[in-house]
Structures are given as structure tokens and as C-alpha cells.
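These notes are about the structure you will find just below.
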Amino acid sequence: MSLCLQDSWEIIEGLKGNPGNIQEPEKQEGFLLKKRKWPMKGWQKRYFLLEKGILKYSKRGADKGKLHGCIDVGLSVMSIKKKTKAIDLDTNNNIYHLKVTVSLSVSPSHLSSFILFLSFYHFSLSCLSRFIVSPVYLDLPDGSRPLVHQVSNESRISIPESMSEFFDAQEYQLTSSSSENEVSPNHISGNRCTSILRPAPLPPLSPPAGSGGSGVQVARRRTTLPSPQPSSSSVSLWNILKNNIGKDLSKIAMPVQLNEPLNTLQRLCEEVEYSELLDTANNTQDPYQRMVYVATFAVSAYASSYHRAGSKPFNPVLGETYECDRPDKGFRFIAEQVSHHPPVSACHCDSNNFTFWQDVQWKNKFWGKSMEIVRMGTTHVTLPAFGDHYEWNKVTSCIHNILSGQRWIEHYGEMSIKNTSSDACQCKVTFVKARSWSSTVNEIEGMVTDTGGRVIHSFFGKWHEGVYQGVPPSAICIWRANPMPVDQDQYYGFTQFAIELNELDAALKPHLPPTDTRFRLDQRCLEEGNIEGAEEQKQRIEELQRGRRKVLEENNVTHKPRFFKYATVKSKDDTWLSSDIYWEQRKNPRFSREDFPVLW
């Protein structure tokens with residue numbers, strides 16, 4: 001068996017010699033720990049059975065309980081960590097995290113023995129799949145997604161079983177099966193979103209007299225990027241990622257061809273594209289209906305990611321900032337990179353109708369075929385008309401087909417929304433895990449309950465298309481995603497809102513601090529199609545950051561963010577809050593008289 005050492009992880013690449021000379025191992029079974037997928041934390045004891053290349057699991061035993069899942073080992077990328085006795089199987093559609101303990105082990109209990117059985121199947125079946133069966137793709141309304149190869153009579157029997165249930169049964173069911181809830185637009189009442197969600201533009205936040213800055217508007221916003229997305233076919237992702245199985249990819253330098261000409265701070269701003277949902281919530285008397293609008297706003301934050309699985313945003317450098325002043329939408333937004341290790345981005349958005357803020361830390365893990373993105377941090381929204389303060393968590397994201405095929409992104413897990421100012425109601429939104437045998441992908445299901453747990457409102461839909469409240473066919477459209485620009489596939493899959501984010505109008509330049517993302521030369525070069533210039537500037541900016549960090553360390557100085565402060569909010573969670581000085585300094589403008597670090 002050939003193992004390629006990846007830090008403390010090892011990826012199983014196959015067996016040396018002729019696998020036909022190796023006797024097929026006997027059936028193996030026993031207990032292992034399996035990490036929960038809902039909501040991605042905690043371990044559960046499960047009974048596993050390995051036979052003929054198929055790894056099945058259930059709660060109590062193969063013949064004593066309901067089958068909860070099935071893994072075709074030969075079609076998976078397997079990595080192990082001997083120190084912690086951990087095994088990860090990436091099946092493209094799912095990532096299974098397993099662990100062996102002293103008290104819960106397969107028979108025989110020795111980990112290397114069990115891995116040998118797995119690697120045998122992994123090698124022999126993957127060879128069969130390469131020479132006997134070609135990849136098969138199923139064309140779905142929401143994009144192409146791969147079907148599992150069927151390599152033998154045994155696997156033909158087992159694979160439908162494996163599709164029946166990838167995860168442990170949920171504690172409760174929000175609605176009936178997702179296929180029954182599939183709603184055609186022609187069956188939705190009115191076939192249009194309610195007009196209340198598209199109110200007239202709010203007046204801009206009133207700037208202090210003589211500000212000269214806060215009211216600056218771009219007379220006409222651009223409708224396309226300066227240059228189409230360049231090809232990244234010359235970049236070998238496998239050569240970059242093969243040594244980083246199980247690692248946090250945020251710490252790994254990537255070629256600029258894999259980036260999109262937007263920054264993570266600007267990505268945070270994309271979450272308020274549909275801020276009119278919060279405008280509506282602040283004008284809704286019914287607290288249960290207000291919760292529906294807030295929950296829909298939380299779902300809409302994921303819509304822009306649907307066409308963006310092929311590239312990644314630029315990583316902000318420490319001290320980098322970004323502002324977005326949108327009088328037409330009635331809000332102004334400010335973000336800052338407040339920490340580098342770990343990387344933390346903080347943002348604040350205020351309006352006459354709401355205040356929105358969050359700080360986000362990402363953990364990215366590459367598992368062979370897929371990359372998981374776990375976002376840590378809490379999102380906050382307050383509505384001044386009612387004194388409401390809503391909080392919710394982010395769900396897990398996963399990019400599939402990292403190395404080959406058509407990349408696609410999904411979000412899954414449970415989002416809990418609560419109003420810390422009132423216990424009148426709470427909300428749970430489930431981002432449903434995609435299933436290979438079903439055309440229903442990207443689905444969400446939600447419900448608003450009262451203090452007694454009684455369901456007051458239910459809603460459903462798809463996070464990239466729209467959300468509907470009620471029960472088909474009389475459900476009402478609460479929100480629908482904006483149409484995509486023409487030729488969006490040639491321009492990084494950007495929405496119209498995203499296209500506008502990096503625009504730098506001549507009238508705006510004097511009012512921005514020199515740390516604003518729009519002054520980044522590497523990002524600007526990529527936007528203009530200059531790959532060589534972008535790569536050169538990217539390396540130069542990263543070297544400047546390393547130099548600044550070295551100076552701070554040598555002088556025993558800790559970086560202090562300029563526009564955010566670390567504080568405790570009403571829910572007792574520590575978070576980064578706005579210092580409320582950005583717009584005051586901008587209006588004079590005082591930025592021209594302030595000392596800023598040279599970021600680029």
C-alpha cells in the first residue's frame with residue numbers, strides 16, 4: 001500500500017503490485033464513531049459493515065435497525081490520520097468523517113487492518129470504474145450533477161440502497177417530501193412576488209451638513225466588467241491541493257487565475273443585496289410575519305453564490321476596508337479586516353429601517369473531491385420600529401467536483417433565528433442536503449413557531465431562486481432572486497449587484513480611505529484581464545503584509561482595527577462592533593489627513 005504523507009493526514013493512492021494477487025478480504029463489521037452532519041457537530045456511535053466494496057451503516061446493526069447510509073469505497077477519495085484514528089471518505093456528493101476508539105472498534109480492532117481492507121476496495125474498484133464505465137451526468141433544471149458509477153452487479157444492487165438516506169434521520173420533519181413540495185411558478189398564487197417587497201427607494205441616511213461625502217452617487221452604474229474571465233485551464237489544481245488534504249486552504253497561496261475580481265469584504269456586502277426584505281419587516285406589525293421576512297433575508301444571502309463555484313474571492317489583508325454607500329437602496333455599508341491569524345472580517349450596515357452587522361471567520365477544508373466551508377460567527381439585525389434584535393448562524397457550504405467535472409456549490413444544515421428582545425416566536429430554516437437521485441436541489445424549508453412550539457407560518461423554496469409562504473398551490477411568493485445579467489458565465493457568474501461593487505468612479509476616489517478594496521492593484525488588474533500584472537501585484541501585496549506583521553512582532557505591538565472594536569452584545573456573545581467613526585471621518589473628509597498603513 002502506497003501512502004502519500006500530507007502533514008498528519010495520509011491520502012490512500014492505491015496498492016502496489018497486481019491487486020489480483022491479493023486475496024479478497026472477508027466481511028468486516030463493528031462499531032465506529034461517525035460525525036453528525038446536522039448540524040455538523042458531535043459524534044454518534046454507528047454500526048458499520050464492509051462487504052464487497054460497500055460500507056453500510058446503521059444505528060444498531062445490519063439486521064437490527066434501519067439502514068442509514070451506504071458508501072461505495074471504490075469511488076471515494078480516502079484520507080486517514082493515524083494519530084487520532086480518523087478516516088475521511090469523500091464520495092463527491094458527501095464527506096463522511098469516521099473515527100475508531102478503543103471501546104468502539106471494528107473487528108479486528110487494529111486500525112491499519114481496517115484501512116488495508118478499505119484501500120483494497122478503493123484501488124480495485126476505482127480501476128474498474130476507470131476502464132469499464134465512463135462518467136455519467138444527469139441534466140437537471142438546476143445544472144448538471146454526476147450520478148454514481150455502477151461498476152458491478154453487486155454495486156448496482158447496493159447503490160440505490162446507498163441513495164435512500166445519506167444522513168441519520170432528523171428529529172422532526174418540517175414538511176412532506178421535497179418532491180411533493182416541488183412547485184411550478186404557474187401554480188403559485190399570482191406568479192409574482194408581493195409588491196410590498198419592492199417598495200419605493202428609501203431616502204439616504206441624512207449626512208451631517210457639509211459632509212460632501214456620504215451623499216456621493218455614481219450617476220450611472222456599470223452593467224458589465226471591463227474584461228471577461230480568463231481561462232484557468234493552465235492551472236493544475238491537483239498539483240496545488242494534493243499535499244493539503246484536510247488542511248485549511250485559507251493559509252495556502254493560490255494562483256490569481258483561481259480568483260474572482262472581488263474581495264471577501266465585498267462578498268459580505270452582497271449579503272444585503274435584498275435589503276428591501278428588512279425594510280418590509282420594519283413596517284410589519286405582526287411579529288410572526290416579521291420573522292418570516294427576516295428569515296427570508298437570511299436565506300437570500302446565499303443566492304449570489306449559485307454561479308460562483310468556479311472561483312474564489314481575494315483574501316483581505318489586515319487593515320483593509322470597504323464601503324458601499326447606496327442611497328438608492330437606503331443603506332450604507334462598511335467592512336474591515338480586523339484580524340489576520342485567524343482571519344476575521346467584520347462589517348456593519350445601517351439604514352433608516354434596520355441595522356445589520358456580523359463578523360465572520362472561515363474554515364476551509366479540502367477532502368479530495370470536495371471542499372467544505374464552515375463559517376463561524378453570528379449575524380445580527382435590529383429593527384428600530386419594534387426594538388427587535390435578531391440573531392442567526394450560518395450553515396455549511398460545500399463545493400463539489402473541485403478537480404474535475406462541473407463544479408457546483410451547495411449549502412446544508414440548520415439555521416436557527418431568534419429575537420433576543422422577545423420570546424414571542426422563533427424560527428428554524430433547514431437547507432436540505434442534495435440527493436443524487438432527485439431533481440430537487442438547493443431546497444430550503446422553514447417554520448415560525450410560538451412559545452409553545454405551535455407552527456404559525458411555514459415557508460419553502462430554493463435559496464438561489466425564491467421563497468414561498470404557505471402551502472401549494474396557494475403559496476405566496478415572499479422573495480425572488482433578481483435575474484442574472486446576459487453572458488454571466490463569461491463574467492465570473494456575477495449578479496448585477498456584484499458587478500457594481502468594485503466600480504471606482506472618479507467622483508468617489510477623494511472620499512475613500514487609501515485602504516479601500518477598490519484601490520487594490522492585483523484585484524483591479526484581474527478585473528481588466530491582466531493576469532501577469534495581477535499575479536505580480538498579489539505577491540507584492542502579500543510581501544508588504546508579511547513585512548508589516550514582522551515589524552509589529554519585533555516591537556511587541558498588537559494591531560488595532562481602525563473602525564471596529566471588540567465588545568459584548570446583548571446576547572453576551574463577544575463580537576466586533578462598529579466604532580461609529582467611519583462616516584464622521586469621511587464627511588470632512590478627514591481621511592486625507594489621517595495616517596494609514598501602506599497596504600499596496
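Cross-link pairs exceeding 32 Å between alpha carbons, from the set LYS363/LYS418; LYS369/LYS428; LYS81/LYS560; LYS550/LYS587; LYS82/LYS538: LYS81/LYS560; LYS550/LYS587; LYS82/LYS538.
Count the net charge of all other residues whose Cβ sits under 14 Å from the Cβ of THR284, scoring Lys and Arg as +1 and Asp and Glu as -1. Every neighbour counted, the sum reads -3. The calculated FRET efficiency for GLU543 paired with GLU29, based on their beta-carbon distance and R0 = 60 Å, is about 0.65. The modelled label-to-label distance for the pair LYS82/ALA507, using points 7 Å beyond Cα in the direction of Cβ, is 6.7 nm.
The distance between label points at TYR288 and ASN393 comes to 2.6 nm (points 7 Å beyond Cα on the Cα→Cβ vector). As a rough guide to protection, the peptides 264-276, 349-361 ranked by mean Cβ packing within 10 Å, highest first, stand as 264-276, 349-361. Gain on full extension, evaluated as 0.36 nm per residue between ASP580 and SER232 minus their Cα-Cα distance, stands at 121.1 nm. On the beta carbon distance between LYS66 and THR101, with R0 = 30 Å, the FRET formula returns roughly 0.80.
Read-outs throughout are calculated quantities, based only on the coordinates presented, and are distinct from any laboratory measurement. Note that the structure is a prediction, hence the values are computed from the model and not measured. Note: ideal-geometry Cβ built from the backbone for every residue, glycine included; neighbour counts use all protein chains shown.
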